[in-house]
1. Using helices alone, I'd like the mean residue ellipticity at 222 nm for the chain: each DSSP H run of four-plus residues gives -39500 (n - 2.57), total over residue count, nearest 500.
2. Measuring from the lowest to the highest alpha carbon on each principal axis, how far does segment 5-59 reach, largest first, in angstroms?
3. Could you provide, to the nearest whole Å², the per residue accessible area of segment 70-325 with probe 1.4 Å?
4. What percent do you get for the relative contact order of the chain when only Cα pairs under 8 Å and 6+ apart count?
5. Against the longest principal axis of the chain, how steep is helix 266-275, in degrees 0 to 90 to the nearest 10, with axes from Cα atoms?
6. Which whole-Hz couplings ³J(HN,Hα) result when phi for each residue of segment 93-103 is put into the Karplus expression 6.51 cos²θ - 1.76 cosθ + 1.60, θ = phi - 60°, listed in order with x for Gly and Pro?
7. Dipole of the chain, Cα-centred, from +1 at each Lys and Arg C-beta and -1 at each Asp and Glu C-beta, to the nearest 20 debye?
8. Karplus couplings for segment 3-12 from phi (6.51 cos²θ - 1.76 cosθ + 1.60, θ = phi - 60°), rounded to Hz, Gly and Pro as x?
Amino acid sequence: MEPDLRDLTRAEIETALTGLGEKPGNAGAVFMAVHRRGAADLAQLPNVPARVCRALGRAFSLQPLPLPERMLVAGDGTRKLLFRFPGEAMAECVVLPAKDHQIACLSSQAGCACGCTFCATGALGLKRSLTPAEIIAQFEACLREAVDLKSLVFMGMGEPFMNWENVKKAIRILSDSRGRHFPQVKMTVSTVGVIPVIEELTRSDLRVRLAVSLVAADPELRARLAPMEKVYPLRRVLAAVREYCRARQAHVMLEYILLPGVNDRPSDSALLAKSIEGIPCRLNLIPYNPPGGPGHPTPRTKEFQQELIAAGVRAYLRAEKGADIAAACGQLAAESQDLTPLPLLPFPL
Ligand code: SF4
């Protein structure tokens, strides 16, 4: 099977056309035909000369854009869409209602190799990384479900920085002025702390926003909850984040999932505040949602937030959406697969 033309950025199409002996200037029309006009036949791309179409047809295919297999709608309006990509790679995306607009939450991988113990996706293991076209298919499906889609977050299934080349391509394709022209500044990429990609993003021309999932400030506890700590310790992750903020004059979004009795003790909030001191950030506290259903705020939730605010941290409690359809943070598990939910482990682990 020839490579799918949908996976290529406009710059890559230019290079491909040059390699095929055609003028790279046709790349804009080819890109627009595929990504804005929804062309389905490589032999008949609108506004593209027939000779160019024939040349592309010898080197590429144009696979149909995958459609969601199923959709669930939550009481609060959250919509979760399930995709079954080739190779039994299941992935979900979510349309989240905000005040007067919607947010698309996309998956970057089917499953995830990171194995965070509180996460339903982590319990699946990694099936495979998604292609740019499979990421774009999720965006297009969200666009159809949303009235006013204003922002996009890579916070669904998978660790986006472990599939960075494809996520990066999807970002470039979605933000291209000849395609959907979705602003990069309205896109947020979340990571549990893959330092080399944070460093790359620091130097990159991409304008996307960075979100970092902290999980726990104590290294030993973090290593037990998020095994990535053993490869990229939080201390070094935060050093990379400080440099990102300094070099780009940017704020970062920090996320902290609150696991009752595990990482929500007063000593945790104190260590957390100390660890992120001086980082220009907004810290989102995310109540834990067990795989089987919505979690319940505990009296500690508010106290934890107050302790952080008293220590000078801009800490917010994130209102969880879609927990009744397992679409909330940490619950995405492509439900039609077998899944053994991991129990929430008491501290000490
Ligand atoms: S929290 Fe994120 S990085 Fe960790 S297992 Fe889940 S999807 Fe992967």
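The values are calculated or read from the model by the stated rules, or taken from the named source; none is laboratory data. In this text the structure is predicted, and so the values were computed from the model without any measurement. In this analysis, Cβ positions are derived from the backbone assuming ideal geometry, glycine residues included, and neighbour counts consider all displayed protein chains. Please note that ligands, DNA and RNA were not included when accessible areas were found on the heavy atoms of the full protein model with its side chains. Shrake-Rupley method; radii C 1.70, N 1.55, O 1.52, S 1.80 Å.
1. On the way: 11 runs with 113 residues, N = 349.
Helix contribution divided over all residues of the chain: -9500 deg cm²/dmol.
2. 24, 20, 17
3. Values: 10190 Å² over 256 residues.
Value for segment 70-325: 40 Å² per residue.
4. Working: 696 pairs, mean separation 53.5, N = 349.
Worked out over the chain, it gives 15 percent.
5. 50 degrees
6. 10, 9, 9, 9, x, 10, 3, 10, 7, 10, 10
7. Details: 42 positive and 36 negative charges, 176 e Å.
Charge dipole of the chain: 840 debye, to the nearest 20.
8. x, 7, 4, 5, 7, 9, 6, 5, 4, 5
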